[in-house]
1. Might you check whether a residue that is among the hydrophobic types (A, V, I, L, M, F, W, C), surrounded by fewer than 19 Cβ atoms within 10 Å (Cβ to Cβ) and free of Cβ contacts under 8 Å to residues at least 40 places away in the same chain occurs anywhere in the range A:52-70?
2. For the range B:17-28, what are the residues that are crowded, with 16+ Cβ neighbours inside 10 Å, without any contact (Cβ under 8 Å) to a residue 40 or more places away in the chain and either acidic (Asp, Glu) or away from chain A (no Cβ under 13 Å) (or both)?
3. Considering only residues that are closer than 16 Å to A:Leu179 by Cα and more than 10 Å from every other protein chain (Cβ to nearest Cβ), look in the range A:1-16 and name the one that is surrounded by the fewest Cβ atoms within 10 Å (Cβ to Cβ).
4. In the range B:58-74, how many are over 17 Å from the mean Cα position of the chain (by Cα) and under 13 Å from B:Met185 (Cβ atoms)?
5. Quick one: B:Val33 ticks every box in (1) assigned to a loop (DSSP other than H, G, I, E, B); (2) away from every other protein chain (no Cβ under 14 Å) bar one, so which box is it?
6. Of the residues B:Leu179, B:Leu114, which single one is under 18 Å from B:Glu252 (Cα atoms) and in contact with a Phe, Trp or Tyr (Cβ under 9 Å, 6 or more places away or on another chain)?
7. I'd like to verify a number: residues in the range B:119-168 that are under 16 Å from B:Ala190 (Cα atoms), among the polar types (S, T, N, Q) and part of a helix (DSSP H, G or I), how many?
Protein chains: 2
Amino acid sequence: MHAVEVIHNKRDGARLTDSQIDWVVAAYTRGEVADEQMAALAMAILLNGMDAGEIAHWTQAMIDSGEVLSFGDVGRPLVDKHSTGGVGDKITLPLAPLVAACGAAVPQLSGRGLGHTGGTLDKLESIPGWRASLSDEEIAAQLADVGAVICATTPTLAPADRKLYALRDVTGTVESIPLIASSIMSKKIAEGTGGLVLDVKFGSGAFMKTPERARQLAETMVAIGTAHGLATTALLTDMSVPLGRAVGNALEVAESVEVLRGGGPSDVVELTVALAREMLALAGITDATRRRCSPPARRTRCGSG
Amino acid sequence: MHAVEVIHNKRDGARLTDSQIDWVVAAYTRGEVADEQMAALAMAILLNGMDAGEIAHWTQAMIDSGEVLSFGDVGRPLVDKHSTGGVGDKITLPLAPLVAACGAAVPQLSGRGLGHTGGTLDKLESIPGWRASLSDEEIAAQLADVGAVICATTPTLAPADRKLYALRDVTGTVESIPLIASSIMSKKIAEGTGGLVLDVKFGSGAFMKTPERARQLAETMVAIGTAHGLATTALLTDMSVPLGRAVGNALEVAESVEVLRGGGPSDVVELTVALAREMLALAGITDATRRRCSPPARRTRCGSG
């Protein structure tokens, strides 16, 4: 197979075949397809699109470029969330412990800041001594013990995505719904979660400027999850103003702690609770108020979920 | 200026500004814009196009990436031709000496084989001892002495095009009329010819499969020539069957010599004469039959022109 033929196919508006997708993603990961060839293909995908079947297969090829994690039996149902990012979006920080306190296990493998949006790892690194990289064993142990882990994605998780993401960032090919959706979903599926809630942002502070494009992205990701047997739901949330009052790594950590203590800005509390409700539903936990939440402040949050 | 902004502009269907074009072509030539960035931009240009003003400016930027040749006064009007290439197209070989014999000077800076089409230099290299690379001084001396030179383009001639062409070849971005037209015309304008006749091929053996696309390419190139003050005309010629009877480097040289001796296949003779007629008209030579052509066989050809 030749890279130029695959590029021609998409450039001329045709579907990529399954074997073309398998080959080009694997060969790019191995370095046999050059960056400039993948850049041309990414631009052709951005401008000519991919259909649902192509997107599902592209996602699978990215998953297959690495290892699928398995945490074994951590004694709780696994459920994760992903936000497409916005200004002041620190929701992961109160959300993961909240959902863990209600009985699920949250394997939150997170990323760095992207464009104008902050990254969960960057925020947590404002805590002296906090470490982003954990081994697979450390992740599994913490999931079983604490019920939540927030750490960096492991190097073996969808390496094709890691390489392609860096390329898209410098070649003006970030804003493609098929490429965004397959990037996010390949990592979430490879991470081995049992359920996934997507927080898809729209508005001036988000990558998707309109609710329509956010809906299109959300539907594309839910379709990928469904095609891969991963229970996936999505919320569309407004990112026209920053979330909460704090923007900045250390400030956002402090605000998240405030929320966990039962305070914090109402928009952060509301979104955290709404996402927790979705995650617990996917995890099959319907009696969180009575069964799990012990500290009074947390019980209130869970109760409203 | 940032490469990603320039790429975004074209990706989103906008015009590239003059300063964006100047910057991106110069920065790419210097290696500051990476291959993967230029590949993404080339794909965006291929899919979203460029208008006449953008194409003229892009061509100028490629000319400005190197030196404009000047042969000084060679005592004859300079006129050149370019063919978009086809199977068995050896026309340059009889044409350049024919036009020289009629009083013009032909600075035929030529290329190598491209895709399925042969290259003039490759054909001439089938002659033992023939040398493709000449210095500027050698070119000027031969133009003044013989009235025609066929050699490789010099390294200082539109280096941006040399680099971009190699990139387009491996990234599926060859078949863009703005990029093809600016590539050809930047070299021809930088070469310093006074007039240019384009032989634009269409049909199964050509890069442009339909007369419509060949006409579009021809009109684009004539517009670039006109915008740069270079007298340019174009013929559209059918490349559905190979030209002449010989295909292959040494065989095509032999067939060309046959044509110069007054024989050869009628299609090669006809096209050679038709192009010679256009070139002589651009060079302002209207009395070639009486004034210049000395050997009887050649006189006949010129006379029919």
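The values are calculated or read from the model by the stated rules, or taken from the named source; none is laboratory data. For clarity, every value in this text was computed on a predicted model and none was experimentally measured. Please note: Cβ atoms are built from the backbone with ideal geometry, for glycine as well, and neighbour counts cover all protein chains shown.
1. Scanning the range A:52-70 turns up no residue that is among the hydrophobic types (A, V, I, L, M, F, W, C), surrounded by fewer than 19 Cβ atoms within 10 Å (Cβ to Cβ) and free of Cβ contacts under 8 Å to residues at least 40 places away in the same chain.
2. B:Trp23, B:Ala27
3. If we filter the range A:1-16 for residues that are closer than 16 Å to A:Leu179 by Cα, which is where we start, we get A:7, A:10-11, A:15-16.
Next cut, more than 10 Å from every other protein chain (Cβ to nearest Cβ) only: A:15-16.
Working: A:Arg15: 14, A:Leu16: 23.
My answer is A:Arg15.
4. Qualifying residue count for the region: 1.
5. So B:Val33 meets the others, but not (2).
6. On the way: B:Leu179 fails: under 18 Å from B:Glu252 (Cα atoms).
So the residue among B:Leu179, B:Leu114 that is under 18 Å from B:Glu252 (Cα atoms) and in contact with a Phe, Trp or Tyr (Cβ under 9 Å, 6 or more places away or on another chain) is B:Leu114.
7. Number of matching residues: 0.
Residues checked against (1) surrounded by fewer than 21 Cβ atoms within 10 Å (Cβ to Cβ); (2) within 14 Å of another protein chain (Cβ to nearest Cβ); (3) among the charged types (D, E, K, R):
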site: B:Val99; (1), (2), (3): no, no, no
site: B:Gly111; (1), (2), (3): yes, no, no
site: B:Gly115; (1), (2), (3): yes, yes, no
site: B:Gly119; (1), (2), (3): yes, no, no
site: B:Ser126; (1), (2), (3): yes, no, no
site: B:Glu137; (1), (2), (3): yes, no, yes
site: B:Asp145; (1), (2), (3): yes, no, yes
site: B:Tyr165; (1), (2), (3): yes, yes, no
